[in-house]
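The values are calculated or read from the model by the stated rules, or taken from the named source; none is laboratory data. Quick caveat, the model's predicted, so the values are computed rather than measured. Backbone-built Cβ (ideal geometry, glycine too); neighbour counts: all protein chains shown.
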Amino acid sequence: MKYKAMNAIVLKNKYELMVRSLRKVFLNLMLVSVISFLLNLSYAQDKAQSVPTVAVNVGKVEKINVPETITAVGHMLAVKQVNLSFDNSGKLEDKYFKNGDRVLKGETVASLDDQQNVANLQALQAKLNLAKQTYSRVKLLEQSGAISKEDIDQKYAGLQQAQADVDQQKVVVNQDKLQAPFTGVLGTYQFDVGAYIAAGTVVVQLTQESPLKIRFAIPSEMKPKIAIGNEVELTTETYPEKTFKGIVNYISPTVNTNTGTLEIEAEVKNDDYLLSPGMFMSVLQVLQEKRPMLVLPDMAIQINQQGSFVYVVNPDHTVRATQIETGLIRKGWTQITKGLAEGQEVVTIGGNKLINGAKITFSDVPVPSFDKLQKEVNIHIHTKENANISTTKIVN
């Protein structure tokens with residue numbers, strides 16, 4: 001019994017020794033963990049304090065209604081353009097303007113040598129004067145009964161014929177002068193002074209400069225969305241900063257069976273004479289329908305390996321990078337088709353200085369306005385004759 005008791009005491013002492021050892025190890029581990037936590041906390045605080053906040057401009061994702069539009073390529077045409085020619089034959093006596101001069105309606109631009117025609121007119125005028133005198137005398141004799149009614153009628157007919165001959169010759173003399181039928185600009189004179197010109201030969205072309213018209217084509221399925229009086233906007237690389245306006249005044253009643261397109265014409269004011277017939281223009285045709293879209297200034301959009309993203313502002317004034325998908329892009333504005341919701345705040349200016357999780361402050365730079373956004377659908381159409389029509393739609 002005494003031996004068993006001693007063994008129990010020994011075992012108890014070993015157990016207590018093992019427990020004390022384990023407790024010491026556990027306390028040491030706890031101490032290491034606490035020290036590590038405090039060190040990490042201090043490092044994080046130091047790191048946070050060492051990263052400065054970035055001043056940025058913040059705006060909201062907006063939903064706006066914009067008119068649906070299509071774009072096409074068209075070419076300018078003159079509303080009025082004629083080849084001027086003489087109805088008479090003869091030598092060119094004078095040119096009163098230079099090539100490219102602007103002339104007013106009714107001004108004489110060239111004339112033929114009219115000496116012979118004027119002489120003929122003078123001779124006919126003399127005959128007319130004689131016929132008038134003769135008729136006056138017979139009218140006096142009519143009262144005395146010394147002349148028959150038949151003789152009086154013959155003299156009157158002679159007077160009328162003489163008047164008709166004079167009127168006709170006046171037309172011939174006037175045809176020796178080439179006059180502008182409307183206000184416009186002259187092309188190149190085809191003859192020099194002294195040259196013989198046959199009747200009907202083109203001497204110079206006259207083109208009306210304002211208004212002009214533009215002709216373009218749209219897909220026939222768009223016909224229900226257009227109407228006479230719709231506005232069009234025209235742009236050209238010749239004047240990259242200027243937009244010209246026009247009004248639709250003709251919609252073809254038939255569809256081109258080769259291309260499936262509908263021909264449209266619009267009248268365009270050209271009071272400053274910047275545009276010329278033959279110029280090709282990009283046409284923005286405003287349609288009748290509108291629909292909403294989410295939009296952002298394109299300066300808010302960043303690019304990484306995954307595509308487009310923006311910095312969304314968190315409630316604690318930190319930012320998070322958010323991948324998005326975009327649609328229509330127009331003059332500084334971008335349509336957002338996926339990744340954002342209306343009303344979300346995003347960094348619009350200063351995103352290039354940020355990293356994910358950065359702290360921001362708000363700049364006083366004004367948020368860009370959305371008033372100038374005008375497009376929703378973009379369809380590119382080539383309208384040269386016999387050209388293939390290609391369309392591209394940008395939709396959600």
The lone condition residue 287 fails out of (1) surrounded by 12 or more Cβ atoms within 10 Å (Cβ to Cβ); (2) over 30 Å from residue 227 (Cβ atoms); (3) in contact (Cβ under 8 Å) with a residue 24 or more places away in the chain; (4) not basic (Lys, Arg) is (2)
From the list 349, 329, 355, 360, which one is modelled with pLDDT under 90 and touching a His at 6+ places or on another chain (Cβ under 9 Å)?
-> 360
Residue identified as surrounded by fewer than 19 Cβ atoms within 10 Å (Cβ to Cβ), under 30 Å from residue 342 (Cβ atoms) and modelled with pLDDT of 90 or more among 243, 254, 183 = 243
What tally of residues in the range 163-205 results from selecting those that are among the aromatic types (Phe, Trp, Tyr) and more than 13 Å from residue 85 (Cα to Cα)?
-> 1
Count of the range 211-240 residues which are surrounded by 17 or more Cβ atoms within 10 Å (Cβ to Cβ) and in a loop (DSSP other than H, G, I, E, B) | 3
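Quick check, is residue 139 farther than 16 Å from residue 174 by Cα and touching a strand residue (DSSP E or B) at 6+ places or on another chain (Cβ under 9 Å)?
Working: farther than 16 Å from residue 174 by Cα: yes; touching a strand residue (DSSP E or B) at 6+ places or on another chain (Cβ under 9 Å): no.
So residue 139 fails the test.
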